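> First the structure, which I've put down as structure tokens, then a few questions once you've had a look.
The values are calculated or read from the model by the stated rules, or taken from the named source; none is laboratory data. What you see is a predicted model, and the numbers here were worked out from it, not measured in a lab. Neighbour counts run over all protein chains shown; Cβ positions are idealised from the backbone, glycine included. The protein model used for the area step is the full one, side chains on, heavy atoms only, and it has no ligands, DNA or RNA in it. Shrake-Rupley method; radii C 1.70, N 1.55, O 1.52, S 1.80 Å.
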Amino acid sequence: DAMVIQNPRYQVTQFGKPVTLSCSQTLNHNVMYWYQQKSSQAPKLLFHYYDKDFNNEADTPDNFQSRRPNTSFCFLDIRSPGLGDAAMYLCATSEQGENEQYFGPGTRLTVT
Amino acid sequence: RKEVEQDPGPFNVPEGATVAFNCTYSNSASQSFFWYRQDCRKEPKLLMSVYSSGNEDGRFTAQLNRASQYISLLIRDSKLSDSATYLCVADTGGFKTIFGAGTRLFVKA
């Protein structure tokens, strides 16, 4: 089945140790998003790619970076995780002109 | 003020009840609106889009009031399986999507 896959599902990292989260899709959608969701809070859009065009939200910390080497894959890099970065990170895709976003199952990040 | 505001609940209702959720948005430039459902520790999934004329999908009815910047979701004949968090979403275009924090619903037998 076509889907959005995130790896790993659970990630534990140490304070300040760089970490990379992975997202892949078989939907061939041209838009990919990264959201951060903390407990009982709204998913917060960090950035999105429209094809290769990167769009950063104004309030996304510089600590968060992203790469999209091809249509199928997108990575979230956290350069120096702090305790406040512990959250669920959700990847989503959509096709231009269509409103529905398809979410992956998320990666739950713990920072020790 | 949050861009998309929802009553966090929780709403505790018996099976078969009708329950309504409200949502307000602050950005008048918002163009598209949605309701997503999110089960505990799972990803959000689209429940329905919200059209100006209102739309219905089985037991679910969504309405939009642009003048009041207000969106609603009505669930009729609640099922145990409807227990989840319902997220209101406003899209201002340019792939900028703002989620509300969600309203939690518990349907009891």
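> Ignoring ligands, DNA and RNA, how much accessible area is buried between chains B and A, both sides summed, with a 1.4 Å probe, to the nearest 100 Å²?
Heavy-atom accessible area buried at this interface is about 1600 Å².
> What FRET efficiency comes out for A:ILE5 versus A:ASP62 if R0 is 30 angstrom and r is the Cβ-Cβ distance? Round to the nearest 0.05.
So the FRET efficiency works out to roughly 0.65.
> Just counting partner chain Cβ atoms within 10 Å, what average do the residues of peptide B:96-109 show around their Cβ?
Mean partner shielding for this stretch: 3.
> Using only the heavy atoms of the protein chains and a 1.4 Å probe, how would A:TYR33, A:TYR50 rank by accessible area, largest first?
Ranked list, largest accessible area first: A:TYR50, A:TYR33.
> Next up: Number of Lys-Lys pairs in chain B under 21 Å by Cα, sequence gap 8 or more or different chains?
Lysine pairs meeting the criterion: 6.
> Antiparallel as a % of all DSSP beta bridges within the protein assembly as shown, to the nearest 5?
The antiparallel fraction comes to roughly 90 percent.
> Just to confirm my understanding: which cysteines in chain B have no other cysteine beta carbon less than 4.7 Å from their beta carbon?
That list is B:CYS40.
> Write out the chymotrypsin sites (Phe, Trp or Tyr not before Pro) in segment B:1-106 meeting two conditions: DSSP loop, and at most 13 other Cβ atoms within 10 Å of their Cβ.
B:TYR51
> With a ≥ b ≥ c taken as the square roots of the eigenvalues of the C-alpha gyration tensor of chain B, please select rounded if a/c is under 1.5 and otherwise prolate if a/b is larger than b/c or oblate if it is not?
prolate
> Something else: What is the percent carbon and sulfur in the accessible area of the protein assembly as shown, measuring with a 1.4 Å probe over the protein chains and ignoring ligands?
That share works out to 48 percent.
> Say we join alpha carbon atoms closer than 10 Å with springs in a Gaussian network model of chain A; which of A:GLN36, A:GLN25, A:GLN11 then has the biggest fluctuation?
Of A:GLN36, A:GLN25, A:GLN11, the most mobile in the Gaussian network model is A:GLN11.
> Where only protein heavy atoms count, and the probe is 1.4 Å, what is the accessible area per residue for segment A:13-112 in Å²?
I get 45 Å² per residue for segment A:13-112.
> For B:THR18 and A:LYS17, what does the FRET efficiency come to when R0 = 45 Å and r is the distance between their Cβ atoms, rounded to the nearest 0.05?
0.35
> Relative contact order of segment A:46-112: what whole-number percent is it, with Cα pairs under 8 angstrom and at least 6 residues apart?
Relative CO of segment A:46-112 lands at 22 percent.
> Still on this structure: Please state the relative contact order of chain A as a whole percent: Cα pairs under 8 Å, 6+ residues apart?
Computed value for chain A: 38 percent relative contact order.
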